[in-house]
C-alpha cells in the first residue's frame with residue numbers, strides 16, 4: 001500500500017512522532033486541493049511492507065503538464081531519490097521538498113503530476129523440484145533388517161501373534177531440501193494536482209534621458225487565484241538589483257496588501273554607470289509574499305534593451321519630448337476639480353477626471369516627480385571672476401533653485417479607459433510647503449500600452 005500526502009497546513013505535522021502515529025496524523029489532516037507556482041511544496045509518502053520485505057530503490061518524478069497552442073506539453077520539474085524519514089518493520093515514511101518554479105513555457109491549464117516508483121524485495125521459502133518422480137525397480141533405497149522390527153507384545157496369558165511396531169517401519173519417501181528465493185515487485189503510484197499563479201507581474205520601462213530609465217513593476221492578483229480563493233495577498237519584501245545605479249522613486253511601507261481587484265506599481269530609476277550608454281541593462285527582481293497561510297518567492301532576471309526602450313524625454317532635465325506629448329494630448333481631456341486655494345501644511349485632495357477622446361483602449365498612470373534637476377542648485381558658468389552688477393543679478397536669477405511649493409503624497413494613480421468617450425476619475429493628495437503661487441510640477445500621464453505620454457503641469461495653486 002502506497003500513498004502521497006500533501007498537507008494543507010505543514011505546521012500541524014509533528015515529524016517527531018513514531019512512524020505509525022505520524023502516518024495517522026498525515027491521513028487525518030486536510031490535504032491540498034491546489035498547488036501554486038513559486039512555492040516550496042512539502043509532501044510525504046507512506047509505504048506499508050511485509051515482515052520479510054525490503055525496499056531496495058525508489059524515485060519520485062515531478063512534472064508540469066499543460067497545453068501550448070493546443071498541443072500537450074510536459075515540463076520536468078525535478079527527479080528525486082528519497083531516503084526514509086521514519087521507518088519500522090512494516091512501514092516506511094519519506095519526505096520530499098520541491099520548489100515549483102514557473103516553467104519557461106507558458107502553459108494553459110497546467111497540472112502538477114507526481115509519479116512515484118519503488119522496488120520491493122521479498123524472500124520466500126521454496127523447495128527444489130525432485131530429480132525423478134519414480135523409484136528405480138529392484139534397487140532398495142536403504143538396506144535394513146526387517147526382523148529387527150519384530151517384538152513380542154504378548155502377555156504371558158495371551159496367545160496372540162507378535163506384530164511389527166510402526167516405529168521400526170521406514171517409508172521410502174523422497175526428501176526435498178528447503179531454500180530461499182528473492183522476489184522483486186515494482187510498485188507505482190500517481191497523483192495529479194491543479195497548479196495556479198498567485199500574482200501577475202508586468203514590467204514597463206521608459207527612457208527619460210540618455211542615461212536613465214524608469215522601470216515600473218505592476219502587481220495584481222491573478223484571475224485564477226481570485227476566482228478560487230478570494231483571499232488577499234500580502235507583499236512583505238521587494239528587491240530590485242542591478243549592476244547599475246538604481247534609485248527607488250518612492251519608499252513604500254511593507255507589508256502591502258493586495259485584494260482581488262487591486263493593482264500596485266513600484267517604480268525605480270535605472271541610471272547607467274559613469275553615464276556610459278549600454279545596449280542592455282541586466283537586473284534581478286525578487287519579491288516575497290504570502291496568502292492563505294502559504295509563502296511564495298518570485299525571482300527573475302530581466303534584460304532591458306536600452307536602445308529599444310520607449311523614449312519619453314531627451315533633454316538633461318528629463319522634460320518630455322514634444323512629439324510624444326502631442327501624440328497623447330489630443331486623445332485625452334484632463335480636468336482637476338477642487339479648491340485651488342490652500343494653507344501651508346494642510347493636506348488637501350483634488351479630483352482628476354480623464355475622458356478618452358479616441359477609440360483606443362488606454363491603460364494610464366499618472367506619476368509625480370517634483371524633484372527634477374531644475375530644483376537642484378547649479379553653479380553659473382562665468383568667463384571671469386570679475387562681473388558687472390547687472391550680470392551678477394542676471395546669473396543669480398537664472399541659476400538659483402526653484403521652489404517646489406506643492407508636492408504629492410501619493411506615488412501614482414491609475415486610470416483605465418476602454419472605449420471612446422469613456423470617463424474615469426480618481427483622487428490625488430497634495431500638501432503645500434510654502435506660500436506663493438505654484439504649478440503642479442513633474443506630473444506626467446503615461447499610457448502603458450502605447451508608451452505615449454503628456455505633461456499635466458498647467459494647474460496653478462495658491463498657498464497662503
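The numbers here are math on the coordinates, done by the rules we state, and not lab data. On a predicted model such as this, the values are computed, not experimentally measured, just so you know. Methodologically, a virtual Cβ is constructed for each residue, glycine included, from the backbone with ideal geometry; neighbour enumeration extends over all protein chains shown.
What the table shows:
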item: Sites residue 414 and residue 57, calculated FRET efficiency, Cβ-Cβ separation with R0 56 Å, nearest 0.05; result: 0.50
item: Relative exposure of 39, 452, judged by other C-beta atoms within 10 Å (fewest first); result: 39, 452
item: Segment residue 89-residue 186, extension gain: residue separation times 0.36 nm, minus the distance between their alpha carbons; result: 33.0 nm
item: Per-pair calculated FRET efficiency, R0 = 41 Å: residue 292 and residue 427 via Cβ, rounded to 0.05; result: 0.85
item: Distance (nanometres) between label positions extended 7 Å along Cα→Cβ at residue 333 and residue 458; result: 1.2 nm
item: Spread of Cα-to-Cα distances over 5 Å intervals beginning at zero, given as percent, for the stretch 200-241; result: 5, 16, 20, 19, 15, 11, 7, 5, 2, 0
item: Cα→Cβ-extended label distance, 7 Å offset, between residue 450 and residue 106, nm; result: 2.3 nm
item: Estimated FRET transfer efficiency (residue 254, residue 222; beta-carbon r; R0 22 Å; 0.05); result: 0.60
item: Expected-Rg normalisation [2.2 N^0.38 Å, Cα atoms] applied to the stretch 1-135; result: 1.43
item: Packing-based exposure ordering (other Cβ within 10 Å, fewest first) of 108, 61; result: 108, 61
item: Neighbour-count order for 260, 211, fewest beta carbons within 10 angstrom listed first; result: 260, 211
item: Stretch gain in nm, segment residue 355-residue 435, where the contour uses 0.36 nm per residue and the Cα spacing is subtracted; result: 25.6 nm
item: Label point distance in nm, residue 203-residue 74, each placed 7 Å from Cα along Cα→Cβ; result: 3.3 nm
